[in-house]
Amino acid sequence: MKTYDIIIIGSGPGGYVAAIKARHLGKSVAIIEKEDIGGVCLNIGCIPTKTLLRSAKVYQTIIHSEDYGITIDDKNKVKFDWKKILDRKDKIVRKLTGGVKMLLEKNGVDIYQGYGKVIDNTTVEVNKETLKTKNIILSVGASPIIPPIPGVKEALEKGILMTSKEILSIKSVPKSLAIVGGGVIGIEFATIFSSFNTEVTIIEKADNILLNVDDEIRDAYLKILKKANIKIITSATVTKVDDNKVTYKKDDKEIEVNAEKILMSVGMKANVSGLEHLNLEMTKQGIKVNNKLETSQKGIYAIGDVNGNLMLAHVASAEGIIAVENISGKESKIDYNKSPSAIYGFPEIAMVGITEQMAKDKKLDYKVSKFPLSANGKALAEGEAEGFIKLIIDKKYGEILGLHILASHATDLISEAVVTMELEGTVYELAKSIHPHPTLSEIIMEAAHGAIDKPIHIL
Ligand SMILES: Cc1cc2nc3c(=O)[nH]c(=O)nc-3n(C[C@H](O)[C@H](O)[C@H](O)COP(=O)(O)OP(=O)(O)OC[C@H]3O[C@@H](n4cnc5c(N)ncnc54)[C@H](O)[C@@H]3O)c2cc1C
């Protein structure tokens, strides 16, 4: 019977990173995957969506080429080839998942393709083979929620209604798309399809979309989404789906939306079924873990979407490393306050730390500094000057409490704030750090100057 130091179930960004790190720390490791290596993120999440967004961006840039002094005689001749766009996506996915498989193999991780069944704290079964282990890392991820709304199941079976998984391989771009749910994933697909001329309607139950985003950033983003012809209906509860017809209730009225396709995007639920016999303590979101990622059962760790703490790929990877470090005897803890999150679109939103509303609720003595993209040379040169940065600092020491960016490449810019927060740096270090010119990163330095006294490049 094969014995390992660690058996990891699930090869998404949580599992595969944990496996590689564990090998670096000298542990014997097996990883079990029932589907494709790379999990949701690489196969049907982060990466495929970004490749589609890139194609959408290229298409939009060509359509608006006159803004850059490039004329096209007949715009009707500018066409996109959806099949080729999907082929490009699939090629990139294959390249990355192949790369991850190679990394696992070359690092000496044993890969088992099959369904991993945890028998007890030290025993796992896969393909009728029993494996023994000192520790188990559950990194089994999450799946899209299909709410029990009448007609949803039938529309799903007919291929009219889809989740984020199926829509990533949709055969053609629909003329109209109703998106149920105004969260990060729904909004990302709204941007993708509206860029390819789909008439998009978002139906959201809450009184606003993107509830975890800073209010001011969200308000500005809402205007951008509206300008992109994305229709957003809030405080609207979907009550029924009848083939292409979505019925929702708003202000006690029943209203219908007809759409060629429907995207159900109301959140993800942790994949915890099949683990009941382990008697793990649960939270509403998933498997309960402490800040070392250990579950209520000794030697069993739960990382990534399955613990439901912060369902993001980079958080899953960070948790994977922390779990492995703890298994290896190194005290290591997760700090979700310093975990950035992002919303991809045109422009992007990236944020870390607290929003202004949270600062108010916590009655903190804080200060806000903002700086617009329209005063940044690189943003103007790129023709992407929509958006602004919002820095929230603690008044007494200038500690960074939160940074929120609405800008193209915001998701690349946010890491500067993450590192500064990790180093317990203040706004003074941010302002003093020499930023290259012209770059978008200068908005961070400007916001820091603004927090201390005034930004340089604006009155
Ligand atoms: C459309 C979409 C876009 C997204 N975009 C982003 C983004 O831009 N940035 C970001 O940070 N996050 C994004 N996410 C979220 C991100 O994909 C997840 O947070 C991330 O994949 C979680 O990683 P994980 O390792 O916890 O699990 P997963 O990636 O879900 O992997 C879990 C793996 O476990 C396997 N598995 C489950 N049970 C078993 C079993 N019993 N035996 C064997 N194998 C098993 C599954 O087959 C799966 O491969 C997106 C998600 C979606 C759906």
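Among the residues of the stretch 123-153, those identified as open to solvent by 30 Å² or more (accessible area, probe 1.4 Å), in contact with a Gly (Cβ under 6 Å, 6 or more places away or on another chain) and more than 10 Å from the ligand (Cβ to nearest atom) are 127, 145. Looking only at residues of the stretch 219-253 that are without any contact (Cβ under 8 Å) to a residue 24 or more places away in the chain and among the acidic types (Asp, Glu), we find that the one that is nearest to residue 188 (Cα to Cα) is 219. Among 70, 119, which is the only one that is without any contact (Cβ under 8 Å) to a residue 40 or more places away in the chain and in a strand (DSSP E or B)? Result: 119 is the single residue among 70, 119 that is without any contact (Cβ under 8 Å) to a residue 40 or more places away in the chain and in a strand (DSSP E or B). The set of residues in the stretch 23-43 being more than 6 Å from the ligand (Cβ to nearest atom) and closer than 28 Å to residue 192 by Cβ consists of 36, 37, 38, 42, 43.
Can you find a residue that is modelled with pLDDT of 95 or more, of a type outside the set (Gly, Ala, Ser) and exposed (fewer than 13 other Cβ atoms within 10 Å of the Cβ) anywhere in the stretch 96-105? Yes, the stretch 96-105 contains at least one residue that is modelled with pLDDT of 95 or more, of a type outside the set (Gly, Ala, Ser) and exposed (fewer than 13 other Cβ atoms within 10 Å of the Cβ).
Kindly indicate whether residue 362 is at pLDDT 95 or above, among the basic types (Lys, Arg) and within 28 Å of the chain's Cα centre (by Cα). Answer is yes for this residue. The set of residues in the stretch 154-202 being more than 16 Å from the ligand (Cβ to nearest atom), surrounded by fewer than 16 Cβ atoms within 10 Å (Cβ to Cβ) and not polar (S, T, N, Q) consists of 154, 157, 158, 159, 171, 175. Condition check for residue 371 on (1) free of Cβ contacts under 8 Å to residues at least 12 places away in the same chain; (2) touching a strand residue (DSSP E or B) at 6+ places or on another chain (Cβ under 6 Å): one failure, at (1). Per the conditions (1) farther than 19 Å from residue 99 by Cα; (2) surrounded by 15 or more Cβ atoms within 10 Å (Cβ to Cβ); (3) touching a Gly at 6+ places or on another chain (Cβ under 6 Å), the sole criterion not satisfied by residue 67 is (2).
The condition (being more than 30 Å from residue 10 (Cα to Cα), open to solvent by 60 Å² or more (accessible area, probe 1.4 Å) and at pLDDT 95 or above) is satisfied by just one residue among 269, 249: 249.
A quick yes/no check of all residues on (1) touching a strand residue (DSSP E or B) at 6+ places or on another chain (Cβ under 9 Å); (2) part of a helix (DSSP H, G or I):
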{"site": "18", "(1), (2)": "yes, yes"}
{"site": "36", "(1), (2)": "no, no"}
{"site": "42", "(1), (2)": "no, yes"}
{"site": "48", "(1), (2)": "no, yes"}
{"site": "55", "(1), (2)": "no, yes"}
{"site": "80", "(1), (2)": "no, no"}
{"site": "84", "(1), (2)": "no, yes"}
{"site": "88", "(1), (2)": "no, yes"}
{"site": "104", "(1), (2)": "yes, yes"}
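Cβ-Cβ distances below 7 Å connect the following pairs, each with a first residue in the stretch 30-51 that is farther than 16 Å from residue 188 by Cα and touching a residue at least 60 places away in the same chain (Cβ under 8 Å), a second residue that is open to solvent by 50 Å² or more (accessible area, probe 1.4 Å) and within 7 Å of the ligand (Cβ to nearest atom), and a separation of six or more residues or different chains: 34/115.
The values are calculated or read from the model by the stated rules, or taken from the named source; none is laboratory data. This one's a predicted model, so the numbers in the text were calculated from it and none came from an experiment. Neighbour counts run over all protein chains shown; Cβ positions are idealised from the backbone, glycine included. Ligands, DNA and RNA are excluded from the accessible area calculation, which covers all protein heavy atoms including side chains. Shrake-Rupley method; radii C 1.70, N 1.55, O 1.52, S 1.80 Å.
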